[in-house]
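Chemist: Got a structure here, written out as structure tokens. Questions coming.
The numbers here are math on the coordinates, done by the rules we state, and not lab data. The model shown is predicted, which means the values in this text are computed figures rather than measured ones. Note that each Cβ is placed from the backbone with ideal geometry, even for glycine, and that neighbours are counted across all protein chains shown.
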Amino acid sequence: MTDIMNKEVITLPEVKALLQAVKPEEMDQIQRWTYDYVVKFSKSGDKQSNKMKKELIEQCDLKEEEAAEVINILPQSLEELRAFTFGWKKLILTENLEKILNIIKQSSES
């Protein structure tokens, strides 16, 4: 069993980039399943997601975990974002939700 060396929050695109560095024949079954999942469901590149995560944390006052969740889902409307952030049990003003959507939109265009 492998010891945990450190723990950090990463997005699906970051997981994909990490697993792409491993040769498929060297992956165990869980790594292969994880790789298949992130290939299907990651919606942006790892560099793009890193930039987006930084902007969400700095400009929208999100925690790293919250920013990663937003990047993994990439909601496209206020309603979708509200439904998604409802589980965080904190009030997020419409102005801040619009900033989040704007960051997502800008990242999608670049």
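Chemist: For the range 68-110, give me each residue that is touching a residue at least 40 places away in the same chain (Cβ under 8 Å), touching a helix residue (DSSP H, G or I) at 6+ places or on another chain (Cβ under 8 Å) and surrounded by 12 or more Cβ atoms within 10 Å (Cβ to Cβ). Even if it seems obvious, please write down each step before you answer.
Modeler: Filtering the range 68-110 down to residues touching a residue at least 40 places away in the same chain (Cβ under 8 Å) leaves 68, 71-72, 99-100, 103-104, 107-108, 110.
From the residues that got through so far, the ones that are touching a helix residue (DSSP H, G or I) at 6+ places or on another chain (Cβ under 8 Å) too are 68, 71-72, 99-100, 103-104, 107, 110.
Once the filter is applied, which keeps residues that are touching a residue at least 40 places away in the same chain (Cβ under 8 Å), touching a helix residue (DSSP H, G or I) at 6+ places or on another chain (Cβ under 8 Å) and surrounded by 12 or more Cβ atoms within 10 Å (Cβ to Cβ), the range 68-110 yields Ala68, Ile71, Asn72, Lys99, Ile100, Ile103, Ile104, Ser107.
Chemist: Right, something else. Name the single residue, out of those in the range 26-50 being among the aromatic types (Phe, Trp, Tyr) and within 14 Å of Asn72 (Cα to Cα), that is surrounded by the fewest Cβ atoms within 10 Å (Cβ to Cβ). Walk me through it before giving the result.
Modeler: Pass one, the range 26-50, residues among the aromatic types (Phe, Trp, Tyr): 33, 35, 37, 41.
Next, only the ones that are within 14 Å of Asn72 (Cα to Cα) stay: 37, 41.
Working: Tyr37: 14, Phe41: 12.
Going through the qualifying residues, I end up with Phe41.
Chemist: Still on this model: For the range 36-58, check the following and say yes or no: at least one residue is over 23 Å from Ser108 (Cβ atoms) and not aliphatic (A, V, I, L, M).
Modeler: To start, the set of residues in the range 36-58 that are over 23 Å from Ser108 (Cβ atoms) comprises 36.
With the extra rule that they be not aliphatic (A, V, I, L, M), the set shrinks to 36.
Yes, the conditions are met somewhere in the range 36-58.
Chemist: Right, next: Any idea which residue in the range 28-51 is farthest from the chain's Cα centre (by Cα), counting only those that are in a loop (DSSP other than H, G, I, E, B) and free of Cβ contacts under 8 Å to residues at least 40 places away in the same chain?
Modeler: Asp28
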